[in-house]
Amino acid sequence: MSNYRGRMAYLKFLLLIMISAHIRLQHALKDPPFHIEESTIPQIQSAFKNGRLTSTRLVEFYLHTIKKLNPKLHAVIEVNPDALLLAEKADAERLKAGGFIGGLHGIPVLVKDNIASKDKLNTTSGSFALLGSQVPRDAAVVSKLRKAGAIILGKASLSEWAHFMAYNSPSGWSARGGQCKNPYVLTADPCGSSSGSAVGVAANMVAVSLGTETDGSILCPSSFNSVVGIKPTVGLTSRAGVIPVSHNQDTVGPICRTVTDAVYLLDEIVGYDVRDHQATKSAARFIPRGGYKQFLKTDGLQGKRLGIVQRQFLLSESYAAVHFEKHLTTMRQKGATLVKNPIFKDLLNISSNMAEIVQGYDFKHDLNIYLSELLQSPVRTLADIISFNIQHAKQEEILKYGQYYFLLAQNTTGLEAQQYRIALKRDHMLTVNGIDKLLETYKLDAVVTLDMWIYDVLGIAGYPGISVPAGYNKAGVPFGIYFGGRRGSEPTLIEIAYAFEQATKVRKIPLFKE
């Protein structure tokens, strides 16, 4: 009798195994393996939730892609040696919690190599001068990413020192990282300084990344590599722990393949930080209750008044003019009112020399503070870095590119200098009499352009902007469209950018043309 019961129990066990196997097979037939390439944060989260994806598999995919493509693209300066361990930890946490945890849990992020991380990764801004230095703590934005459950996959390459060393060095070049390449056309400009952040995302080395901007360094690489970049209002994200250029203009923002992903990332990194007290306290009032995801509206163009700025940039670029006019038609059809070529006389008078003066004074002051706080460093002042570059001229290619901005900054005399005060006042007046006056006079919600002129305007003002893929020239090189607005206008810009993206869906996967 006992043998009979034993056999029956065994048969029931086998039957359960067969039923379980049948169910798994049916799920497999219904749900094919998750396709990671071009996947978005919501898609990855959904795949985590239904068990079709693990963080380990996701990280393995990105590490494989980096190993395959990075020798050609030079988008990643360094991979986190603990990335797989962190992925396995995330999977274990998800299993223990009984399912999807939320936030950015288990999702890899690349951060630009001027954003500090207290781990096995270096933070060098692309320079050998900071190789081996030890940061005291994570940058505030990295700390927020970790709190959200994100995995720091590695450091993205950049234009060395955020393109504030030599004015004639190529965009995307650094001594440590080499020359970052545009994945659409390898000989095309990847733009800088957040080149690696944009290229890494465009080439599917990662889904999302962080960049920094002082003057165009998020918007430009996003445009040139057919991805989405959000340059937040200065102070909306903390700059603490970021190798600085200018406390008046620096900001940290997301670079992703979609507006949705950029907004998901933005939601996790905004907010007050005691170590960037003044700027983040001032900007915290702009952060909407409930975050920025609520502004991902397909009808976001409805009722918007947009100032369309068309300058000489279109005359020799017929392909851009055709695309631009087509996009303007789409915006009208989606309910926007277009005000073409509003008078922006004061903006045309923006002097990059004034911005250069402010950045030069800020750079020396801010960088020396950053260096002084390092736990260990071969260099402690800007003067030390200048000397290092001279001593390692071949390694840093100083004879080829020089260090014009470094020398300019080193010759400044402090933030009480009259020249600095005059330049700051000039920048403020350009903001008040320029973009503020333009938006107010024409009752505009945003300015829309293809022109890189907007970098200077938004940079000097500390105002937000979003770049969205807009087209490709005859050679296949991408270009983006820029939406810029007043301080704290991220909700409006997100509505406009998302509605535009959903109506046009321009982005294509790169083909790595020689």
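The values are calculated or read from the model by the stated rules, or taken from the named source; none is laboratory data. Treat the numbers as computed from the prediction; the structure is a model and nothing was measured. Here the Cβ is made from the backbone with ideal geometry for all residues, glycine too, and neighbour counts use every protein chain on show.
General remarks:
- Pairs with Cβ under 8 Å, 6+ apart, first in region 224-237 and touching a residue at least 60 places away in the same chain (Cβ under 8 Å), second among the β-branched types (V, I, T) and in a loop (DSSP other than H, G, I, E, B): F224/V477; S226/V506; V228/T258; G229/I218; I230/I218; K231/I218; L236/I287
- Qualifying residue in region 256-267 (condition: farther than 15 Å from I494 by Cβ, modelled with pLDDT of 95 or more, in a loop (DSSP other than H, G, I, E, B) and more than 17 Å from the chain's Cα centre (by Cα)): no
- Restricting region 405-427 to residues that are under 28 Å from the mean Cα position of the chain (by Cα) and within 13 Å of N368 (Cβ to Cβ), the residue that is surrounded by the fewest Cβ atoms within 10 Å (Cβ to Cβ): F406
- Filtered residues of region 29-69 (kept if more than 16 Å from A150 (Cβ to Cβ) and hydroxyl-bearing (S, T, Y)): S46, T65
- Note on region 342-418: enclosed helices (runs of 4 or more DSSP H) holding 1 or more residues that are acidic (D, E) and at pLDDT 95 or above are 352-372, 382-391, 393-396.
- The set of residues in region 82-124 that are without any contact (Cβ under 8 Å) to a residue 60 or more places away in the chain, closer than 28 Å to H163 by Cβ and either aliphatic (A, V, I, L, M) or surrounded by fewer than 22 Cβ atoms within 10 Å (Cβ to Cβ) (or both) comprises K118, D119, K120, L121, N122.
- Taking every residue in region 186-214 that is modelled with pLDDT under 95 and pairing it with any residue that is assigned to a helix (DSSP H, G or I), at least 6 positions away or on another chain, the pairs with Cβ-Cβ distances below 6 Å are G192/H163.
- Flag: C220 matches the condition of being touching a residue at least 12 places away in the same chain (Cβ under 8 Å), crowded, with 24+ Cβ neighbours inside 10 Å, within 25 Å of R426 (Cα to Cα) and under 13 Å from the mean Cα position of the chain (by Cα).
- When each of L63, L110 is tested for being over 20 Å from L265 (Cβ atoms) and not β-branched (V, I, T), the lone residue that passes is L63.
- Scoring I422 on the criteria (1) free of Cβ contacts under 8 Å to residues at least 24 places away in the same chain; (2) in a strand (DSSP E or B) leaves a single failure, condition (2).
- Pairs with Cβ under 9 Å, 6+ apart, first in region 444-460 and surrounded by fewer than 23 Cβ atoms within 10 Å (Cβ to Cβ), second among the small types (G, A, S) and assigned to a helix (DSSP H, G or I): M452/S223; D456/S352; D456/A355
- Out of Y264, Y292, sole residue that is surrounded by 24 or more Cβ atoms within 10 Å (Cβ to Cβ) and over 22 Å from T214 (Cβ atoms): Y264
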